[in-house]
Structures are given as structure tokens and as C-alpha cells.
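All remarks here apply to the structure that follows.
The values are calculated or read from the model by the stated rules, or taken from the named source; none is laboratory data. Keep in mind that this is a model prediction, so the values were computed, not measured. Ideal geometry is used to build each Cβ from the backbone, glycine not excepted, and the neighbour counts take in all protein chains shown.
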């Protein structure tokens, strides 16, 4: 989840007409088939803005920021920026139609051109919708490469609706329903509130084709469980092990980084710089860039270590043993992967080997001195390997049984 925390320099207003203006523009749009040469050189960046939730204002601001950076000219046939979003009409009880928008410049003016409208009430935080939209994009915009920036709420690998359900939550339930997994949408049926979400393994199956990169602008995404689940979906994943402040990534430079420079690392560097320049609780950032092709070697070595040190891992008390965390309060789900194994007592040689393999996976990592939790404020960062992981000594039988279904666990047997 992204906490609603302000930070210096961010414009905090909601352009309520932005997406509806795009809808009106779309009535005039037309689509020209690209040439073979254009397709061979075309890169498509998709901003999947799943913000029909408490983040709607911030995600709309991110879209506005995107329009202020690099925007390709219409008709070049090369770079393409697409935005998937669902307009908010003043109340979550009023369902609207999600739209697919192409962002381009025409005569030096930025245009938000709606190229497709989906049925009223379509939920973006749904793997079926994700597959449909990406299939449409592949058909409408054939290209040599595709990448996605996914922005919404998230709580990592956890199952849908784990928060707010006291019967399956091992710690005291939070006072309000909070989203889990990747993506979240408010939905009302027969005047009853539902929080609709995507579980990570379902998301991994939803993509109809391979991505060059996947930037996850959502809290707690930077866990090995998510990275491993998406290893066959994308070449690179950029994400944060801790919460992301509500301003999200740096969108004014994002399109230039991804389309002109082909630099996902640049996106990560801009994210870190954005929050490093702040002060107080706003100076909070953790960011990692993972090369997915190296995750198989990491899984194989972790499986060896988990087997050798199983009793030690299962004896860790995260508080007394001071394992590096990336959460707040009693939400004990996200711990530094390497620090878990260090606290379990791996040898110096094993630690060196682990770090060598992690360096192949985590090709960039950065953080501020502390990270912010919306529950209890700032926490010190002492260890940072670039990815978090579940610690089996927390959680009840429900959590452990669910964790067994994750592909990371099936290939490493952390929980057996």
C-alpha cells in the first residue's frame, strides 16, 4: 500500500477533468497501421494506473507529471506511451469505464487520446482485465518491445484480503480494511463494499507476452516472492521492499528514461534521488532493480541454505534477534533476505557466496538511511540486500499453507 504522506515539492491536487477530457479527445481519434520498419523499432511503455481507490488523487497527479516529461510526437511510429486508468466520478459507488489512452504530442501540444473504452464497472485490479488490456495493446500496437509501470496499492506476496480479517491474521487486526497483494480496487455490489485485488501468482499468469521491464510503483513489492513469480514475465523488475510514499516514482523523467535511454536503472536512480532530497518522514526510499534470469541460481542456493539451516531459521525471533524489517508495528511479513540467513548463522564462506549470487540478481539497489511506515513512523535501515523475504517463525497455519502455494517456496522449500 502507498501511505498518504505528503512530501516537499509535490503538487497535491486532483485534476478531476483529466481522464474525462481524454475520453472526449478519444471521440476524434483514429488509428493508423504502422509500417514494418516502424514496428521493428517501436517500444511501448504502458502505465497501468489501477487507482480506483484511496490513491486516485496521487495517481492522477502522476499521469499529469508524465505529460510534463518526454512525450513522443504523433505519427513517428516509434515510441508509444499508453495509459490504462479508470476515471473517478466523485464516489466509488458510481462505476465508470476504464480507458486506454495514448499520450502523444501533436503540433507541440500534449494530447491524451482515448483509443479504447472498456465496459462500465470493469475492474482493473483483476488478472482477466490485465490480460485483456495487454492483449488489446499487443494487437493495436505491434512492437519490438513492451514494458509496464504498474501503480496502485500493494502488500507484496500476501493473499487477497489478509488484512482486516482477524480470523486469519496472527497479530491483532488493523482498525480498518487495508489492501493486500498487487493492485486494489474499491467495488460496491448491492451497496456492499468489496476490496478487489490480484494475487501475485495470478498476475504472473495474466500477461499474454513477455515484457522488457516491470516497474512496480506500489508498497512492499520488493520481495523475492514477487520477483520469482514474475521471472518468466519480464527481464527486469524495479520495486521497493518497504512502503512507497504516496507521490510514487519520478514520473516527469520516466518516459525519457524508459523510451529514449532504455534505462530502468535510471528510473530507480531518479526514485532514490527524489526522496533523498527530502527531510523528516518524507526522506524515505528503498529501491531495487532485479535481473530475473539470475533468480534461478538464487533459488537453488537458497534451497541449500534453507535445508542446512532449517532449525536455526525456524528458531529466529525477529524482534529479539533484530532481523532487518521493512514494515511497521506487528505486520511481520517482510524481512531482508540476506539478514534472515545471517541471523540463522550461515558461515562467512556461505555469506560471500550468497552475496555473489545476489549481486547477479540485484543489479542496482539504493535506500535512504531510514524507511517510513504509515503505522509507526521511521525505522533505521542497517541491512539491505535488495529483496525482502518471509520469515517462517511469524504467521499462523493459514499464512504458512498459503505460502506453500507460491512458486518461490515450491522451488526452495522455505516453508515445508
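Pairs meeting the criteria (first residue in segment 38-62 and in contact (Cβ under 8 Å) with a residue 40 or more places away in the chain, second residue in a helix (DSSP H, G or I), beta carbons under 6 Å, at least 6 apart or on different chains) are 43/259; 45/258; 45/259; 49/59; 51/59; 60/18. Give the residue that is farthest from residue 238 (Cα to Cα), with candidates limited to residues of segment 281-316 that are out of contact with any helix residue (DSSP H, G or I) (no Cβ under 8 Å at 6 or more places or on another chain) and part of a loop (DSSP other than H, G, I, E, B). The extreme case among them is 315.
In segment 255-271, the condition of being outside the structural domain of residue 375 (by TED's automatic domain parsing), farther than 24 Å from residue 210 by Cα and buried (at least 20 other Cβ atoms within 10 Å of the Cβ) is met by at least one residue.
Scoring residue 98 on the criteria (1) touching a residue at least 60 places away in the same chain (Cβ under 8 Å); (2) under 28 Å from residue 194 (Cβ atoms); (3) under 21 Å from the mean Cα position of the chain (by Cα) leaves a single failure, condition (1). Considering only residues that are in contact with a strand residue (DSSP E or B) (Cβ under 8 Å, 6 or more places away or on another chain) and either in a helix (DSSP H, G or I) or exposed (fewer than 15 other Cβ atoms within 10 Å of the Cβ) (or both), which ones fall in segment 358-367? Answer for segment 358-367, where residues must be in contact with a strand residue (DSSP E or B) (Cβ under 8 Å, 6 or more places away or on another chain) and either in a helix (DSSP H, G or I) or exposed (fewer than 15 other Cβ atoms within 10 Å of the Cβ) (or both): 360, 361. Just one residue in the set 355, 319, 382, 349 is surrounded by fewer than 14 Cβ atoms within 10 Å (Cβ to Cβ), out of contact with any helix residue (DSSP H, G or I) (no Cβ under 9 Å at 6 or more places or on another chain) and at pLDDT 95 or above; that residue is 349. For segment 57-123, the strands (runs of 3 or more DSSP E) that sit wholly inside it and include 1 or more residues that are out of contact with any strand residue (DSSP E or B) (no Cβ under 6 Å at 6 or more places or on another chain) and either within 17 Å of residue 258 (Cα to Cα) or at pLDDT 90 or above (or both) are 99-106, 109-117. Suppose the filter is more than 25 Å from residue 235 (Cα to Cα), surrounded by fewer than 18 Cβ atoms within 10 Å (Cβ to Cβ), touching a helix residue (DSSP H, G or I) at 6+ places or on another chain (Cβ under 9 Å) and modelled with pLDDT under 95; does residue 401 pass it? When the stated conditions are applied, residue 401 does not pass them.
Screening the candidates 370, 278 for the property of being out of contact with any helix residue (DSSP H, G or I) (no Cβ under 8 Å at 6 or more places or on another chain), in contact (Cβ under 8 Å) with a residue 60 or more places away in the chain, over 21 Å from residue 390 (Cα atoms) and surrounded by fewer than 22 Cβ atoms within 10 Å (Cβ to Cβ) yields one hit, 278.
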